[in-house]
Amino acid sequence: MSFTSRALGRDRSFELVKQSFWQDEGLPFSDALTTRQLEEVFEAEEVSFGRDPCVSEQASIEDGGLVYTRGVTLWAMLSQALFTDVQRACRAAVQRVAVYYALSGIRISSTNTGAYCRARAKIPEGVVQRLAVGVGQRCEAAVPDKWRWHGFRTLVIDGTTCSMPDTQENQAEYPQPSSQGKGLGFPILRAVALTSLATGMILALVTGPCAGKATGETALFRTLFDQLKAGDLVLSDRYYGGWFMLALLQELGVEFVTRLHQFRIADFHQGKRLGQRDHVVAWAKPQKPAWLDQATYDRLPDQLEVREIEVQVPVPGFRTASLVVVTSLRDHRRFPREELALLYRRRWTVELELRDIKATMDLAVLRCTKPAWVRQELWTGLLAYNLIRQSMLQSALGGEVRPEQLSFAASLTNAGQYVVAGRDAARPYENRCRTPHCAANDQRLFASCRPPPGSNGAPRGQTPPQSHRPARRTPRGRSQSSPCGYQWKVVNAMTRC
């Protein structure tokens with residue numbers, strides 16, 4: 001791809017990323033992603049773009065630069081994460097780049113995807129990973145105290161999976177479940193995410209295969225311990241409520257609120273009584289598991305004091321009528337049982353956030369054919385997710401509402417429209433509206449409020465079953481669809497043309 005006018009400079013191309021995601025100066029959280037931070041990450045990962053071999057020497061000298069600079073390439077990658085179906089394809093991203101340059105007065109002579117794919121391959125997963133985590137952590141540090149539960153940095157942990165194309169490279173690193181026959185399944189990637197209760201952003205995420213030793217959610221979570229700080233509060237479901245996991249968190253100085261593990265039974269006749277169905281009890285240390293080394297096992301205490309609270313769930317339609325919350329917050333005066341019950345109910349927000357990523361952003365099935373590209377695609381989507389969440393924080397702070405009251409789907413839709421328009425790229429850069437008042441006025445249009453669950457008074461209904469294609473029963477390469485498209489017939493793979 002070449003063009004016949006001067007290309008944008010390096011700093012201007014990074015400004016394109018900022019402007020497309022509402023990173024205006026004067027707004028709160030605007031320092032979460034700056035041009036300097038973008039440059040530092042690219043320099044730290046040693047990413048440099050040379051001249052495109054597809055651009056002729058004459059055009060390169062005349063133009064004085066490349067179409068796909070680092071900023072433009074990153075912007076095109078982020079634009080793919082904001083759309084689904086055909087609009088997520090590389091060809092659609094190239095068309096958006098062409099439209100952006102056209103609005104800037106630069107004529108594009110080719111829309112071939114080869115130059116963009118080569119430029120995208122030069123950006124490693126480490127770049128988008130560091131950018132995504134950096135945006136989340138800087139926004140978390142700037143959160144107002146009124147959004148924090150009792151002043152804690154509350155982190156929610158949960159795991160999920162994504163599938164990807166069935167290629168040899170993907171199968172080698174992320175093998176399909178052993179319950180599926182060869183040629184009948186897809187590679188599966190397991191991810192464990194550490195999200196912020198206040199912002200809804202991804203603060204850390206680790207990936208791994210679904211099969212093999214030390215590939216479970218708890219094993220992956222232990223690799224995220226370096227992201228925790230003394231004084232943090234971890235909120236999780238009962239899968240993470242084992243004795244050794246809670247003891248390791250307590251050793252780090254991290255508080256926890258979780259649900260009683262399914263293999264334990266609460267006996268409220270024992271321990272120190274704090275109230276009705278509320279007591280402090282000591283759990284004896286079990287035998288050493290295979291994954292724990294002897295030195296760590298000996299270092300852990302013989303007993304773990306925890307607080308158990310039985311919570312009734314009177315909400316019609318909820319599957320659970322009662323549950324037992326386990327926490328290290330044993331001061332029943334400072335942390336009443338009612339507040340702990342409401343806090344644990346907010347754990348469900350991480351399920352909604354993962355739904356936003358997998359369903360709303362359509363990242364449940366990744367498209368790339370190599371593991372490194374799969375991880376790059378995932379982290380690009382998470383960077384776009386965090387940038388949209390950052391804009392929602394700005395709207396929430398200006399509108400005196402909480403971030404979870406805003407609709408992520410509406411924010412995603414608006415972000416996609418502004419990325420397509422290149423925001424106000426048709427105007428000269430120096431003449432764009434840069435005042436905080438104008439930026440704040442734009443922000444009011446960015447996100448929409450959504451009613452809280454159950455606020456319409458209607459009972460919780462059953463979700464209608466989704467329409468899925470029938471499960472494959474014949475290995476790939478041994479079946480083909482009939483001309484009408486309704487039936488499958490088995491053929492000899494060796495006789496196929």
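The values are calculated or read from the model by the stated rules, or taken from the named source; none is laboratory data. Bear in mind that the values here come from a model prediction, so they are computed numbers and not experimental data. Reconstructed Cβ throughout: ideal geometry from the backbone, glycine too, with neighbour counts over all protein chains shown.
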Members of the stretch 330-372 that are over 21 Å from F83 (Cα atoms), hydrophobic (A, V, I, L, M, F, W, C) and surrounded by 15 or more Cβ atoms within 10 Å (Cβ to Cβ): F335, L340, A341, L343, V350
The one condition in (1) in contact with a Pro (Cβ under 7 Å, 6 or more places away or on another chain); (2) outside any strand (DSSP E or B); (3) buried (at least 19 other Cβ atoms within 10 Å of the Cβ) that R190 fails to fulfil: (2)
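On the given criteria, is I188 of a type outside the set (F, W, Y), in contact (Cβ under 8 Å) with a residue 12 or more places away in the chain and touching a Cys at 6+ places or on another chain (Cβ under 7 Å)?
Values: of a type outside the set (F, W, Y): yes; in contact (Cβ under 8 Å) with a residue 12 or more places away in the chain: yes; touching a Cys at 6+ places or on another chain (Cβ under 7 Å): yes.
Considered against the rule, which asks whether it is of a type outside the set (F, W, Y), in contact (Cβ under 8 Å) with a residue 12 or more places away in the chain and touching a Cys at 6+ places or on another chain (Cβ under 7 Å), I188 comes out as yes.
Table: residues versus (1) of a type in the set (K, R); (2) over 20 Å from Q376 (Cβ atoms); (3) crowded, with 16+ Cβ neighbours inside 10 Å.
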residue: R148; (1), (2), (3): yes, yes, yes
residue: T154; (1), (2), (3): no, yes, yes
residue: M164; (1), (2), (3): no, no, yes
residue: T167; (1), (2), (3): no, no, no
residue: S179; (1), (2), (3): no, yes, no
residue: G185; (1), (2), (3): no, yes, yes
Filter result for A409 (more than 11 Å from the chain's Cα centre (by Cα) and in contact (Cβ under 8 Å) with a residue 60 or more places away in the chain): no
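With respect to Q394, is the statement that it is closer than 25 Å to Q19 by Cβ, assigned to a helix (DSSP H, G or I) and not assigned by TED's automatic domain parsing to the domain that holds A93 true? Give the derivation first.
Working: closer than 25 Å to Q19 by Cβ: yes; assigned to a helix (DSSP H, G or I): yes; not assigned by TED's automatic domain parsing to the domain that holds A93: no.
No.
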Residue in the stretch 121-135 that is surrounded by fewer than 15 Cβ atoms within 10 Å (Cβ to Cβ), in a helix (DSSP H, G or I) and in contact with a Gly (Cβ under 9 Å, 6 or more places away or on another chain) present: no
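Please determine whether any residue of the stretch 164-171 is free of Cβ contacts under 8 Å to residues at least 60 places away in the same chain, of a type in the set (V, I, T) and outside any helix (DSSP H, G or I).
Let us first name the residues in the stretch 164-171 that are free of Cβ contacts under 8 Å to residues at least 60 places away in the same chain, namely 168, 171.
When the remaining residues are screened for being of a type in the set (V, I, T), the result is none.
No: the stretch 164-171 contains no residue that is free of Cβ contacts under 8 Å to residues at least 60 places away in the same chain, of a type in the set (V, I, T) and outside any helix (DSSP H, G or I).
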Enumeration of residues in the stretch 276-309 that are more than 26 Å from V325 (Cβ to Cβ), over 33 Å from the mean Cα position of the chain (by Cα) and surrounded by 13 or more Cβ atoms within 10 Å (Cβ to Cβ): K288, Y297
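Return the residues of the stretch 193-236 that are among the small types (G, A, S) and outside any loop (DSSP other than H, G, I, E, B); say none if nothing qualifies.
A193, S196, A204, G208, A219
Looking at V401, V374, which is the one that is in contact with a strand residue (DSSP E or B) (Cβ under 9 Å, 6 or more places away or on another chain) and at pLDDT below 85?
None of the others qualify; the one that does is V401.
Have a look at A115, A93, A89, A102 and point out the one that is without any contact (Cβ under 8 Å) to a residue 40 or more places away in the chain, surrounded by 17 or more Cβ atoms within 10 Å (Cβ to Cβ) and over 17 Å from the mean Cα position of the chain (by Cα).
Testing whether each residue is without any contact (Cβ under 8 Å) to a residue 40 or more places away in the chain, surrounded by 17 or more Cβ atoms within 10 Å (Cβ to Cβ) and over 17 Å from the mean Cα position of the chain (by Cα) leaves just A93.
Okay, residues lined up against (1) closer than 29 Å to D356 by Cα; (2) at pLDDT 90 or above; (3) aromatic (F, W, Y):
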{"residue": "S30", "(1), (2), (3)": "yes, no, no"}
{"residue": "D52", "(1), (2), (3)": "no, no, no"}
{"residue": "S60", "(1), (2), (3)": "no, no, no"}
{"residue": "A81", "(1), (2), (3)": "yes, yes, no"}
Test result for T69, under 23 Å from V128 (Cβ atoms), of a type in the set (S, T, N, Q) and at pLDDT below 90: yes
Cβ-Cβ under 7 Å pairs, at least 6 apart or on other chains, the stretch 303-332 side without any contact (Cβ under 8 Å) to a residue 24 or more places away in the chain, far side among the basic types (K, R) and surrounded by fewer than 18 Cβ atoms within 10 Å (Cβ to Cβ): Q303/K285
Selection count where residues are at pLDDT below 95 and either touching a Pro at 6+ places or on another chain (Cβ under 7 Å) or of a type in the set (G, A, S) (or both), scope the stretch 243-284: 3
Pairs where the first residue, in the stretch 363-391, is closer than 14 Å to L33 by Cβ and the second is of a type in the set (S, T, Y) and part of a helix (DSSP H, G or I), C-beta under 8 Å, 6+ apart: I388/S411; S391/S411
